[in-house]
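Data first, discussion second: the structure below is written as structure tokens.
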Amino acid sequence: MSQINLDDLTLGQLKQIQALGGNVTECKPGLASSMIGKFVIVRSRNEGVNAGFLVAADESGCVLKNAKRLYRPISKNRSLSWYEGVAVSGLGTKSMVSGEVEEKVIIEDYSLTICTETAKESIMGFKANETTY
């Protein structure tokens, strides 16, 4: 029987294992591994600013559970700036966010910012903005 190198598994293979009853929330050891399970804001080049629970992360990208895109992240505390301020005090009334998706994979360079409990409650409770065409 050959051994499987877990680092070589694709995201699809990990999802198949998870569907069998395993809880795949591990990631390669690194800076982001200590953030697994925490509510974070993720900023990336093409995917913009998103928030959710970090499920997995490595040098190629990250996976968020219960994710929302923050189209216009305005901090509730106006003396704090942009998404870092949102991570501390939550969303201000003029912010714009998407609806929640069960899972989002961001495959590119990214940064992570851990949110306070206040910010998590604000972001998760914020009503999605309607789009009119």
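The values are calculated or read from the model by the stated rules, or taken from the named source; none is laboratory data. What you see is a predicted model; the values in this text were computed from it and never measured. Glycine gets a Cβ as well: all are built from the backbone with ideal geometry, and neighbour counts include every protein chain shown.
Which one of G48, G52 is without any contact (Cβ under 8 Å) to a residue 24 or more places away in the chain and not charged (D, E, K, R)?
G48
Condition first: in a helix (DSSP H, G or I) and either of a type in the set (D, E) or surrounded by 15 or more Cβ atoms within 10 Å (Cβ to Cβ) (or both). Now tell me which residues in the stretch 102-133 satisfy that.
E117, A119, K120, E121, S122, I123, M124, listed by residue number.
Criterion first (at pLDDT 95 or above and of a type in the set (K, R)) does K68 satisfy it?
yes
Looking at the stretch 60-72, can you tell me whether even one residue there is without any contact (Cβ under 8 Å) to a residue 40 or more places away in the chain, surrounded by fewer than 16 Cβ atoms within 10 Å (Cβ to Cβ) and part of a strand (DSSP E or B)?
Keep residues of the stretch 60-72 that are without any contact (Cβ under 8 Å) to a residue 40 or more places away in the chain, which gives 65, 67, 69, 72.
From the residues that got through so far, the ones that are surrounded by fewer than 16 Cβ atoms within 10 Å (Cβ to Cβ) too are 72.
Those still in the list that are part of a strand (DSSP E or B) too: 72.
Yes, there is a match, as at least one residue in the stretch 60-72 is without any contact (Cβ under 8 Å) to a residue 40 or more places away in the chain, surrounded by fewer than 16 Cβ atoms within 10 Å (Cβ to Cβ) and part of a strand (DSSP E or B).
Listed residues L64, L112; which is closer than 19 Å to M35 by Cα and out of contact with any helix residue (DSSP H, G or I) (no Cβ under 8 Å at 6 or more places or on another chain)?
L64
Select, from G85, G99, the only residue that is outside any strand (DSSP E or B), within 25 Å of S33 (Cα to Cα) and either of a type in the set (S, T, Y) or more than 11 Å from the chain's Cα centre (by Cα) (or both).
G85
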